[in-house]
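Enquirer: Here it is, the structure in full.
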Amino acid sequence: MASVECKLCGKEADLRLSHLVPKFIGKWLKDTSATGFLRDSRNINRRSQDILKEKWLCHDCEQLFSGWEKPFAEKIFKPYMDDSGARHNYDDWMAKFCASMSWRSLSYMSWDNDDEPVIKAHKQEWSDAESALRKFLLGESKTLGHYEQHVIPVEGVTEVSGGASARLVRYLMRSIHADLIASKSTRMIYTKIPGFVILGFVTVPYAAKMRSSRISLGSGYISPRRYFADVKLFNYINEKADEIGRSYGDMSAKQRELIETFIKENPEKALNSGSFKAFLQDHEISGDKAFSKAAPQG
């Protein structure tokens, strides 16, 4: 097999097939779903057993990422999903994990997409951010500078001021999403995994207002507290929740029938699933608007 350049370290190597989002997240979504399968909103009629993978990283860089994913899974993700009201402590691996997620999202969204308006208009800023994240991940830099990493926990949402999407909780808790957000004054890398929104700052004029979500380079903790989110960010999240809801509305009759049959044959699994729990939370917030033609999400 011919060697190819690793996207992170740049060395020639036999690249590994790497998950763009940690494997444990896909497993959690499957294990807690109503049906035991995953679906991609871009191809809603196809069931999947795994999340997106690409040959990006060499063995050494893959091991680097794994070394940060493991403590995040064991000390933050799983304990938080069991008890979002508790305090969950982290060490210096947390900043590395978040930076690795932002780097992956930025690399994926800008990969062969030079003509996309959001990339073309701010190409140098995205390039500078990728370089800073890469150097931090490789240990070539001890700080992130102004490329702060922020985490907003979103499990347990029961009340939202303003017009919340009727699928907001299902989007926050049952989906994976990466994007680059750009406005006149703000640029950030957006990564949404179940229960958490990870933000990689590039240019954020209101950064000082978001101290509660900023991840320390050393030790810190995730806990219930007041988190600041700009209204434009909330509107963006709301729009994406609606978009994914519409994609599920486009599901074929055959796929709907498969889901309905599975649920009828496995009612206990469906009722105890994270999918149903997220639906109930949406119903608590939005009432009967939570009902739609869309099938269960995950």
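Enquirer: Based only on other Cβ atoms within 10 Å, what is the fewest-to-most ordering of V231, V118?
Expert: Final ranking by Cβ density, sparse to dense: V231, V118.
Enquirer: Binning every alpha carbon pair distance of segment 60-176 at 10 Å from zero, what are the percents per bin?
Expert: In order of increasing distance, the bins hold 11, 33, 33, 21, 2 percent.
Enquirer: What is the sum of charges around S175, taking Lys and Arg as +1, Asp and Glu as -1, for the other residues whose C-beta is under 9 Å from the C-beta of S175?
Expert: With Lys, Arg at +1 and Asp, Glu at -1, the neighbours total +4.
Enquirer: Here's another thing I want to ask about it. Taking amide H atoms as placed 1.01 Å from N in the peptide plane, list the residues 5 or more away in sequence, or in a different chain, whose amide H sits under 5 Å from that of S18.
Expert: The answer is E54, K55, W56, L57.
Enquirer: My understanding is that a pair violates if its Cα-Cα distance is over 29 Å; which of K11/K75; K11/K70; K135/K209; K7/K277; K55/K209; K135/K240 do that in this structure?
Expert: Checking Cα-Cα distances, K11/K75; K7/K277; K55/K209; K135/K240 exceed 29 Å.
Enquirer: Continuing with this model, one more query. Please give the length that would be gained between S212 and E239 if that part of the chain were fully extended, namely 0.36 nm times their separation in residues minus their C-alpha to C-alpha distance (nm, one decimal).
Expert: 7.3 nm
Enquirer: By counting other Cβ atoms within 10 Å of each Cβ, how are V21, V169 ranked from fewest to most?
Expert: Least crowded to most crowded, the residues run V21, V169.
Enquirer: Can you put M210, M81, M173 in order, fewest other beta carbons within 10 Å first?
Expert: M81, M210, M173
Enquirer: Right, another one. Plugging the Kirkwood radius over Cα pairs into Stokes-Einstein for segment 120-216, at a temperature of 25 °C and a viscosity of 0.890 mPa s, what D comes out in µm²/s?
Expert: In µm²/s, the coefficient rounds to 165.
Enquirer: Still on this structure, please answer the following. Using a basic spin-label model with each label point 7 Å from the Cα along Cα→Cβ, how many nm lie between D114 and D14?
Expert: 3.2
Enquirer: Take V4 and E54, extend 7 Å from each Cα along the Cα→Cβ direction, and tell me the distance between the two endpoints in nm.
Expert: 1.0
No value in this document is a laboratory result; all are computed from the given coordinates. As the structure is a prediction and not an experimental result, all values here were calculated from the model. Counting neighbours? That spans all protein chains shown, and the Cβs are built from the backbone with ideal geometry, glycine included.
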